[in-house]
Every structure is written in structure tokens, then in C-alpha cells.
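Contents: one structure, followed by commentary.
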Amino acid sequence: MNSPSAPVRTLLGLGLVCAGLTAPAAPLPGALDPGFRLDPALPSAAEVLAAAAHPDGRLVAVFAYASGPELVALNADGSLDAGFVRRPLPGFCPRQLTVLADGRILTAYQPAGAPTNTSRIVRFSARGEADPAFSVAVASPGVSCLAPMPDGALLVGAVITNGTPSIVDDLLHRILPDGTFDSTFHLSGEFASIGNVSSVL
């Protein structure tokens with residue numbers, strides 16, 4: 001029997017491929033879940049723009065359809081959650097979707113016909129109903145990051161130019177649970193040439 005190649009020997013030494021050499025074997029971490037199958041009732045989508053796990057085990061996702069982005073909820077097995085209000089998300093800021101600990105859903109978008117430096121953050125209930133009590137205007141052409149905090153606040157990545165003589169941009173903002181900006185929180189600097197805050201852990 002030929003001896004394995006150096007890369008395979010290295011993996012064997014680390015114990016990373018042992019499960020593939022014995023049968024039967026348990027699925028390795030990261031393997032596709034054979035119990036998950038996307039609901040055939042959903043139309044064909046060009047892309048999944050964003051997805052987030054819901055505390056109750058569902059999956060909330062934004063699918064890119066020919067008619068535009070749409071927010072849907074899937075059960076743990078991939079079937080469509082019939083009790084969730086599917087809704088179009090025109091102007092959706094790609095990949096900006098998060099679920100709060102209480103199950104409410106936040107996303108960001110650019111309103112149709114709005115100035116190019118206007119974005120909004122909106123909230124939906126766990127079942128997909130719009131929450132008219134929460135709609136935050138962000139003076140930025142796009143929101144690059146949404147991250148909930150344990151105290152109920154929200155970290156928002158969005159470049160807001162202060163208009164000072166030297167280019168100073170606010171890159172990350174803290175929005176309080178009532179939708180107001182936390183005036184004591186600033187992450188600023190002359191970073192316009194570097195880019196946005198794209199994720200917060």
C-alpha cells in the first residue's frame with residue numbers, strides 16, 4: 001500500500017481526517033445537515049443576502065428574488081414558517097440583518113427617493129410585523145454593520161462625516177433601545193480611505 005502524501009500525513013497527525021478513514025463515521029463539525037432542505041415552495045433566488053439565527057431555532061433570511069429582496073423565516077428543517085409575515089425589503093442594505101435576544105428583527109435600508117446620504121434602521125416583531133415605534137435615521141449612504149449589545153443597545157457601523165475642515169468621520173455608533181443615538185459613544189478618526197466597520201463581535 002502506498003504511503004499517504006505529506007499533507008495527508010499531517011492531517012492524520014492532527015486527527016482531522018480520521019473520521020473519513022473509518023466507517024461508519026459521525027459527521028464532522030461543519031458538515032451539511034441532511035435534515036435541512038430548503039422549502040420547495042420558495043421561488044428560486046439568485047442569492048442569500050443575509051441570514052441570522054432566531055432564538056427559537058428558526059432561521060431568518062433575506063433572499064434576492066427577481067422582484068427584489070424579501071425577508072422570510074424558515075423552520076429548523078428548512079420548511080417555510082407559514083406564520084411569519086414575508087415582506088419585500090426594497091432598498092435593503094445587503095447583509096445587514098440581526099435578531100435581538102427577544103426575537104425582534106432589525107435591518108437597514110435606503111428609502112426610495114431619499115438623498116444618497118440617508119439610511120434607516122427598522123425593526124420587525126418575531127413574526128415579521130413592522131414595528132412603527134422604531135425607525136432610526138442614519139445620515140450615511142449605507143449601514144455596514146448591525147450588532148446588538150447585551151444591554152439592548154445596538155452598535156451600528158456607518159460613516160457619518162462631521163463636516164469639519166479636516167476629514168473626520170464617525171465610523172461606529174451606539175443606538176440606545178429607544179432608538180436615540182448615544183452621544184457619549186464615539187469611534188472616530190481620519191479613516192475615510194480605509195473603509196467601514198463591517199462587523200462587531
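The values are calculated or read from the model by the stated rules, or taken from the named source; none is laboratory data. Treat the numbers as computed from the prediction; the structure is a model and nothing was measured. When we count neighbours, we look across all protein chains shown, and the Cβ atoms used for this are built from the backbone with ideal geometry, even at glycine. These area figures cover heavy atoms from the full protein model, side chains too; ligands, DNA and RNA do not enter into them. Shrake-Rupley method; radii C 1.70, N 1.55, O 1.52, S 1.80 Å.
Here are a few things to note about the model shown:
- Only strands (runs of 3 or more DSSP E) whose full extent lies in the stretch 83-185 are considered here, and the ones with at least 2 residues that are among the polar types (S, T, N, Q) are 92-99.
- Residue in the stretch 66-73 that is buried (at least 19 other Cβ atoms within 10 Å of the Cβ), touching a Ser or Thr at 6+ places or on another chain (Cβ under 9 Å) and at negative phi present: yes
- Scanning the stretch 117-135 for residues being touching a strand residue (DSSP E or B) at 6+ places or on another chain (Cβ under 6 Å) and farther than 26 Å from R58 by Cα gives a total of 1.
- Of all the residues in the stretch 39-58, those that are touching a strand residue (DSSP E or B) at 6+ places or on another chain (Cβ under 8 Å), in contact (Cβ under 8 Å) with a residue 40 or more places away in the chain and assigned to a loop (DSSP other than H, G, I, E, B) number 3.
- Checked against the criterion of being modelled with pLDDT of 90 or more and touching a His at 6+ places or on another chain (Cβ under 7 Å), the stretch 37-54 has no qualifying residue.
One line per residue, one yes/no per condition, for (1) within 17 Å of the chain's Cα centre (by Cα); (2) open to solvent by 60 Å² or more (accessible area, probe 1.4 Å); (3) at pLDDT 90 or above; (4) under 16 Å from A139 (Cβ atoms):
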position	(1), (2), (3), (4)
D77	no, yes, yes, no
L97	yes, no, yes, no
G103	yes, no, yes, no
A108	yes, no, yes, yes
A114	no, no, no, yes
N117	no, yes, no, yes
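- If the condition is being over 18 Å from V200 (Cβ atoms) and among the small types (G, A, S), then the stretch 97-132 contributes G103, A112, G113, A114, S125, A126, G128, A130.
- Residue within the stretch 154-177 that is exposed (fewer than 13 other Cβ atoms within 10 Å of the Cβ), among the acidic types (D, E) and either out of contact with any Asp or Glu (no Cβ under 6 Å at 6 or more places or on another chain) or modelled with pLDDT of 80 or more (or both) present: no
So that you can scan it fast, the table gives a plain yes or no per residue for (1) closer than 22 Å to N196 by Cβ; (2) among the hydrophobic types (A, V, I, L, M, F, W, C):
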| position | (1), (2) |
| --- | --- |
| G57 | no, no |
| V60 | no, yes |
| G78 | no, no |
| V85 | no, yes |
| F92 | yes, yes |
| L106 | yes, yes |
